[in-house]
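Q: Starting off with a structure, shown below.
The values are calculated or read from the model by the stated rules, or taken from the named source; none is laboratory data. Just so we're clear, the structure is a prediction, and the values are computed from it rather than from any experiment. Quick reminder, even Gly has a Cβ in these numbers, built from the backbone with ideal geometry, and neighbours come from all protein chains shown. The accessibility values were calculated without ligands, DNA or RNA, using every heavy atom of the protein model including side chains. Shrake-Rupley method; radii C 1.70, N 1.55, O 1.52, S 1.80 Å.
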Amino acid sequence: MTLIVSDLVVDHGAIRAINNISFRVEEGQLAAVIGANGAGKTTLLRTLSGLTPATGGSATWHGSELLYSKPEKIVRRGVSHVSEGKSVIAELTVKENLSLGALWRRNSDEAQATQEMILETFPRLSERIDQQADTLSGGERQMLAIGRALMSKPSLLLLDEPSLGLAPLVVAQIFQSIHALTSQMGLTVVLVEQNAMSALKIADLGIVLNLGRIAAHDSAQHLIANPQVRAAYLGY
Amino acid sequence: MHKFIHSNFGRLTFFIGIGIFLFLLGNRVDELRVYQGATLAMYVVAISSLILLTGYSGQVSLGHGALLAIGGYSAALARNHLSAPVWICFAIAIVVAALAGAVLGTAAARLSGPYLAGTTLALAVGLPSIANQFGILGGEQGLLFDVGFPPMSLGQEFTQYKWYFWIASLAALISLWWLQNILRSRYGRTWRAVRGNEVAAELAGIHAGKSKTLAFTISSGLAGLAGALLAMTISTVSPSAFPLSLSFALLTGAVLSGVTTLAGVMIGALTLVVTPEIADAISNRFANSENVTTNLPGLLVSALLILVVLLVPNGPVEQMRTVRHRKRASTHK
Amino acid sequence: MYQFINTVLIGITSGAIYSLMAIALVLVWRSTRVVNFAQAGQALVSTYIGYAVIQSFHSFWLALLIAMLAGAVVSALVDALFMRTLFKRAAQGPIAGVAPIIATLGLLGLIRGVLGLVVGNKDMSIRPPVSNIGYTISGHTLAFSPLKLLIVSSVLFLMLILSLVFQHSNVGLALRASAYAPEIARLAGVRVDGIRTFGWALAGAAGAAAGMLQTPDGNAGLSPDSLEFSLLLVFGFIAAVIGGLESLIGAVVGGLLLGLVLAFVLTYISGSLVFITAFVVLIVVLLVRPNGLIGTRRVRRA
């Protein structure tokens with residue numbers, strides 16, 4: 001089970017947001033995608049999950065093509081996307097947000113088991129299980145969003161800037177949980193982040209995007225050690 | 001030349017030109033057409049009031065017929081009880097309707113989308129029936145509105161309908177010219193800013209509530225004028241002259257014209273006047289049954305409305321501008 | 001005394017019918033954030049189908065069932081074929097908020113026109129399935145009959161079932177999620193387009209029920225230009241807005257409130273002030289609570 005992206009091109013009207021990129025993520029790996037604002041990171045995830053239509057190229061997840069399909073179909077191929085900005089539904093309760101993720105599976109026993117596991121990992125959610133999602137703090141909402149994505153029992157998890165707007169302590173917690181969960185569930189992860197250091201620290205593989213192209217593509221450790229990357233993205 | 005056309009004086013000349021053209025036209029066509037011309041002018045005023053309210057200020061009104069009614073009844077009452085000259089009656093119609101609009105507008109400014117639509121709908125249904133309650137409003141039969149004969153100075157040959165046509169056209173031309181100026185001024189920009197994003201507009205220092213209320217007031221005043229013109233052409237005001245279908249027809253006319261711009265207002269007005277004719281022609285040719293005559297006009301207008309919303313949602317004028325713009329952009333590569 | 005009681009009863013019965021239409025409108029609003037004015041037209045079509053069933057099979061109950069099914073199908077088709085296209089095309093631009101309202105108004109006119117061409121404009125009637133003769137208490141005839149009891153109980157029953165579906169079922173969860181945040185719902189695997197059409201189908205069934213239950217009652221006539229169906233739409237819409245468009249209970253409360261107030265005005269004040277009263281009630285409610293009686297102003301974040 002591999003994620004193979006080849007010659008991906010995505011246009012937003014007259015702007016080419018993603019300009020011919022190719023990469024592989026092996027099963028069980030965590031790939032961190034870093035780069036400046038507007039580099040195309042969010043567009044990449046949105047294209048993989050079907051929210052944004054691709055213009056050309058291909059992206060396959062263990063053999064089946066992800067592009068040119070509706071998001072609902074892609075979820076059923078084992079891909080879960082936590083989109084930018086804490087994608088929870090404010091008007092629903094914590095429980096309902098979680099249940100939503102498992103609806104399409106129609107297996108309530110499995111859903112129950114998955115929910116229990118998620119609540120164990122994020123005990124704050126367990127405390128607020130019947131509260132409306134808009135009463136949660138930023139960090140809790142991010143946990144809920146990740147939890148909702150995991151309820152679909154994905155094999156490929158796409159995370160878009162989970163640290164956005166969160167305090168450093170909370171960010172550390174969340175990254176720890178991400179690392180733990182993904183190892184536990186054997187997930188393959190593509191993690192888009194502004195917070196390049198935290199992302200590369202838990203990643204196996206690093207991809208640097210710049211203006212829609214891949215500027216660097218290496219193991220995470222090498223990227224952390226790379227002086228150019230350090231200067232541009234890691235701040236030292 | 002370009003600068004002249006878009007200057008204030010240039011536009012005034014344009015309208016005067018139209019006026020002269022209409023004058024000449026009025027002398028050459030028969031009575032029925034002249035009468036339809038008056039109705040057309042009335043629709044132009046009414047539809048432009050909706051373009052202001054819905055297209056520029058973003059507030060949906062399903063009940064503009066009620067505002068027309070207020071204008072029409074005010075004009076009739078002024079005429080019958082104060083024996084006021086016709087122009088004063090029209091002025092009263094505008095003022096009373098504008099006042100009503102100001103009151104309604106302050107409430108409306110707090111309402112959004114469907115809530116506003118519901119309120120205006122309730123008004124359109126509710127207002128005309130008040131006439132049955134108060135004797136002074138003439139009940140179901142309504143009141144007479146007689147603008148009088150054309151002045152002798154225009155000659156013996158000058159017909160009543162032609163007089164209506166002159167009055168209505170003059171009113172329409174003045175209104176359009178005035179409205180165009182307002183829409184191009186900072187008021188127009190303010191309305192569009194609020195329509196686009198109310199929060200952003202407020203942050204930029206615009207008082208959204210005041211702006212919306214102003215739009216409502218002006219729109220109502222114009223609607224009142226249209227109502228008075230309507231009363232003139234049919235010589236009466238009554239509840240049945242302002243049914244719910246009138247409000248829907250006006251909204252339809254506004255959408256057909258392209259609700260965001262004044263330039264297409266003739267399209268909507270023409271459609272409303274012409275459709276019953278076309279429907280008659282079709283039913284005479286093909287079926288000649290009462291069934292078809294009753295149902296075809298409404299059917300045609302509705303079908304047209306749906307087509308326009310689906311195919312050219314911003315109206316034909318805006319659509320052409322976009323196409324021209326794209327062409328210009330592509331040739332400039 | 002009996003006049004008072006009768007006024008209340010009249011108010012409750014007419015209010016119940018408005019509630020049914022309000023429920024239909026709220027269902028569509030909660031599924032797609034659109035007010036479907038064509039609902040009245042759809043109700044007309046469904047009621048005509050019910051009429052046809054009665055002519056052939058002489059059973060009101062069968063007709064009601066089939067009318068509701070037809071209503072569901074018609075409504076689903078309207079959404080799938082018409083509204084989806086509309087959303088794709090008119091999604092941006094200044095007319096975006098207004099376009100669905102205008103489009104459904106156009107559709108209403110279209111349905112009425114076509115119906116008129118096909119079946120003519122004669123007034124038809126449907127005989128009530130149960131007696132419409134008022135109950136009597138100590139010699140006084142009440143403005144309440146088995147038929148009216150049927151109407152009121154149907155409304156309450158439907159409201160209960162629909163509320164249960166919306167709040168406590170998986171389908172209801174999917175419906176609500178699709179309405180609040182369609183993108184997130186898609187990412188969770190919900191087939192948003194299909195679910196929304198289902199919401200419209202439910203609304204179509206409710207509207208059909210309103211039409212079928214209203215027509216046998218007294219003078220309500222069945223014709224494409226039927227005044228009663230126009231009033232059904234207008235008062236149903238006003239009731240829905242009073243209730244707040246966000247809750248089914250709100251629709252019922254709005255309908256009953258409107259029905260009662262109008263009945264009192266009709267009996268104790270004057271018939272010609274009924275319509276303007278509806279406007280006054282609406283504006284008073286909205287001034288105090290701009291999002292309706294049961295609507296809560298929610299600042300959408302996340």
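Q: Need at least 3 residues that are of a type in the set (Ser, Thr, Tyr) per element, so show me which helices (runs of 4 or more DSSP H) inside the range B:39-140 make the cut, counting only ones lying wholly within it. If you could, list the steps in order and put the result at the bottom.
A: Values: elements: B:64-82, B:86-108, B:113-126.
Filter on the range B:39-140 gives B:113-126.
Q: Tell me, which helices (runs of 4 or more DSSP H) wholly within the range B:168-277 include 3 or more residues that are at pLDDT 85 or above, open to solvent by less than 60 Å² (accessible area, probe 1.4 Å) and touching a Phe, Trp or Tyr at 6+ places or on another chain (Cβ under 6 Å)? First the steps, then the outcome.
A: Numbers: elements: B:186-196, B:198-203, B:208-234, B:244-257.
Correct list: B:208-234.
Q: Let me ask something else. Quick check on this structure: which one of B:Leu137, B:Leu123, B:Leu144 is open to solvent by 60 Å² or more (accessible area, probe 1.4 Å) and of a type in the set (A, V, I, L, M)? Steps first, please.
A: Details: B:Leu137 fails: open to solvent by 60 Å² or more (accessible area, probe 1.4 Å); B:Leu123 fails: open to solvent by 60 Å² or more (accessible area, probe 1.4 Å).
Going through B:Leu137, B:Leu123, B:Leu144 in turn, the sole match is B:Leu144.
Q: Can you give me the number of residues within the range A:53-83 that are in contact (Cβ under 8 Å) with a residue 60 or more places away in the chain, surrounded by 16 or more Cβ atoms within 10 Å (Cβ to Cβ) and either small (Gly, Ala, Ser) or away from chain C (no Cβ under 11 Å) (or both)? Full working, then the answer.
A: So the first thing to find is which residues in the range A:53-83 are in contact (Cβ under 8 Å) with a residue 60 or more places away in the chain, and the list is A:61-62, A:75, A:78-83.
Filter once more, keeping what is surrounded by 16 or more Cβ atoms within 10 Å (Cβ to Cβ): A:61, A:75, A:78-83.
Those still in the list that are either small (Gly, Ala, Ser) or away from chain C (no Cβ under 11 Å) (or both) too: A:61, A:78, A:80, A:83.
Qualifying residue count for the region: 4.
Q: So A:Leu181 ticks every box in (1) closer than 26 Å to A:Ile4 by Cβ; (2) open to solvent by 10 Å² or more (accessible area, probe 1.4 Å) but one. Which box is left unticked?
A: (2)
Q: Whether any residue in the range A:34-46 is touching a helix residue (DSSP H, G or I) at 6+ places or on another chain (Cβ under 6 Å) and either within 14 Å of another protein chain (Cβ to nearest Cβ) or open to solvent by 10 Å² or more (accessible area, probe 1.4 Å) (or both) is what I want to check.
A: The initial filter retains those residues of the range A:34-46 that are touching a helix residue (DSSP H, G or I) at 6+ places or on another chain (Cβ under 6 Å), namely A:34-35.
Retained after the next criterion (residues that are either within 14 Å of another protein chain (Cβ to nearest Cβ) or open to solvent by 10 Å² or more (accessible area, probe 1.4 Å) (or both)): none.
No: zero hits.
Q: Could you identify the single residue in B:Gly126, B:Gly65, B:Gly139 that is among the small types (Gly, Ala, Ser) and farther than 27 Å from B:Leu256 by Cα?
A: Just a single option satisfies the conditions, and that option is B:Gly139.
Q: Another one. Would you be able to say whether some residue in the range A:141-164 is of a type outside the set (A, V, I, L, M), surrounded by 19 or more Cβ atoms within 10 Å (Cβ to Cβ), without any contact (Cβ under 8 Å) to a residue 60 or more places away in the chain and more than 24 Å from A:Leu234 (Cα to Cα)?
A: The answer is yes; a qualifying residue exists.
Q: Grab the helices (runs of 4 or more DSSP H) fully contained in the range C:187-302, keeping just those with 2 or more residues being more than 9 Å from every other protein chain (Cβ to nearest Cβ) and within 15 Å of C:Leu27 (Cα to Cα). Even if it seems obvious, please write down each step before you answer.
A: Details: elements: C:192-214, C:227-243, C:248-264, C:274-288.
Answer list for the range C:187-302: C:192-214, C:227-243, C:248-264.
Q: On the basis of being touching a Phe, Trp or Tyr at 6+ places or on another chain (Cβ under 6 Å), open to solvent by less than 10 Å² (accessible area, probe 1.4 Å) and either more than 9 Å from chain C (Cβ to nearest Cβ) or within 17 Å of A:Leu136 (Cα to Cα) (or both), does A:Ile89 make the cut? Step through it out loud before you land on a result.
A: Working: touching a Phe, Trp or Tyr at 6+ places or on another chain (Cβ under 6 Å): yes; open to solvent by less than 10 Å² (accessible area, probe 1.4 Å): yes; either more than 9 Å from chain C (Cβ to nearest Cβ) or within 17 Å of A:Leu136 (Cα to Cα) (or both): yes.
The answer is yes for A:Ile89.
Q: Go over the candidates C:Ser163, C:Ser178, C:Ser131, C:Ser153 one by one and state the one that is under 22 Å from the mean Cα position of the chain (by Cα), among the hydroxyl-bearing types (Ser, Thr, Tyr) and open to solvent by 40 Å² or more (accessible area, probe 1.4 Å). I'd like the intermediate steps shown before the answer.
A: Working: C:Ser163 fails: open to solvent by 40 Å² or more (accessible area, probe 1.4 Å); C:Ser178 fails: open to solvent by 40 Å² or more (accessible area, probe 1.4 Å); C:Ser131 fails: under 22 Å from the mean Cα position of the chain (by Cα).
The conditions single out C:Ser153.
Q: Right, here's the next one. Under the condition of being under 22 Å from the mean Cα position of the chain (by Cα) and modelled with pLDDT under 80, which residue from the range C:98-127 is farthest from the other protein chains (Cβ to nearest Cβ)?
A: Of everything passing the filter in the range C:98-127, C:Arg127 is farthest from the other protein chains (Cβ to nearest Cβ).
Q: So, in the range A:190-206, exactly how many residues are surrounded by fewer than 24 Cβ atoms within 10 Å (Cβ to Cβ), farther than 16 Å from A:Glu84 by Cβ and of a type outside the set (A, V, I, L, M, F, W, C)?
A: 3
Q: In the range C:233-255, which residue that is among the β-branched types (Val, Ile, Thr) and over 11 Å from B:Leu121 (Cβ atoms) is nearest to the chain's Cα centre (by Cα)? Don't jump to the end; show me each part of the working.
A: Step one: filter the range C:233-255 for residues among the β-branched types (Val, Ile, Thr), giving C:234, C:238, C:241-242, C:249, C:252-253.
Narrowing the set further to residues that are over 11 Å from B:Leu121 (Cβ atoms) leaves C:242, C:249, C:252-253.
Numbers: C:Ile242: 14, C:Ile249: 13, C:Val252: 10, C:Val253: 13 Å.
Here the answer is C:Val252.
Q: Which condition breaks for A:Gly35 when tested against (1) within 27 Å of A:Ala231 (Cα to Cα); (2) touching an Asp or Glu at 6+ places or on another chain (Cβ under 8 Å); (3) of a type in the set (Gly, Ala, Ser)?
A: (2)
Q: Continuing with the same structure: Is there a residue in the range B:63-82 that is without any contact (Cβ under 8 Å) to a residue 12 or more places away in the chain and either more than 9 Å from chain C (Cβ to nearest Cβ) or touching a Leu at 6+ places or on another chain (Cβ under 9 Å) (or both)? Full working, then the answer.
A: We begin by selecting, within the range B:63-82, every residue without any contact (Cβ under 8 Å) to a residue 12 or more places away in the chain; these are B:81-82.
Then keep just the ones that are either more than 9 Å from chain C (Cβ to nearest Cβ) or touching a Leu at 6+ places or on another chain (Cβ under 9 Å) (or both); that gives B:81-82.
For the range B:63-82, residues without any contact (Cβ under 8 Å) to a residue 12 or more places away in the chain and either more than 9 Å from chain C (Cβ to nearest Cβ) or touching a Leu at 6+ places or on another chain (Cβ under 9 Å) (or both): present.
Q: Which of the residues belonging to the range A:96-116 are open to solvent by 40 Å² or more (accessible area, probe 1.4 Å) and more than 10 Å from chain C (Cβ to nearest Cβ)? Quick ask: steps written out before the conclusion?
A: The initial filter retains those residues of the range A:96-116 that are open to solvent by 40 Å² or more (accessible area, probe 1.4 Å), namely A:104-110, A:112-113, A:116.
Scanning the range A:96-116 gives A:Asn107, A:Asp109, A:Glu110, A:Gln112, A:Ala113, A:Glu116.
Q: If you don't mind, there's one more thing I want to ask. Just to be sure I understand, how many residues within the range B:200-244 are under 22 Å from B:Gly139 (Cβ atoms) and not polar (S, T, N, Q)? Give the steps one after another, and end with the answer.
A: Residues of the range B:200-244 that are under 22 Å from B:Gly139 (Cβ atoms), as a first pass: B:224, B:227-228, B:230-244.
Filter once more, so that each one left must be not polar (S, T, N, Q): B:224, B:227-228, B:230-232, B:234, B:237, B:239, B:241-244.
Count: 13.
Condition check ((1) part of a helix (DSSP H, G or I); (2) not hydrophobic (A, V, I, L, M, F, W, C)) across all residues:
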{"residue": "A:Asn97", "(1), (2)": "yes, yes"}
{"residue": "A:Leu103", "(1), (2)": "yes, no"}
{"residue": "A:Gln112", "(1), (2)": "yes, yes"}
{"residue": "A:Met117", "(1), (2)": "yes, no"}
{"residue": "A:Arg124", "(1), (2)": "yes, yes"}
{"residue": "A:Asp130", "(1), (2)": "no, yes"}
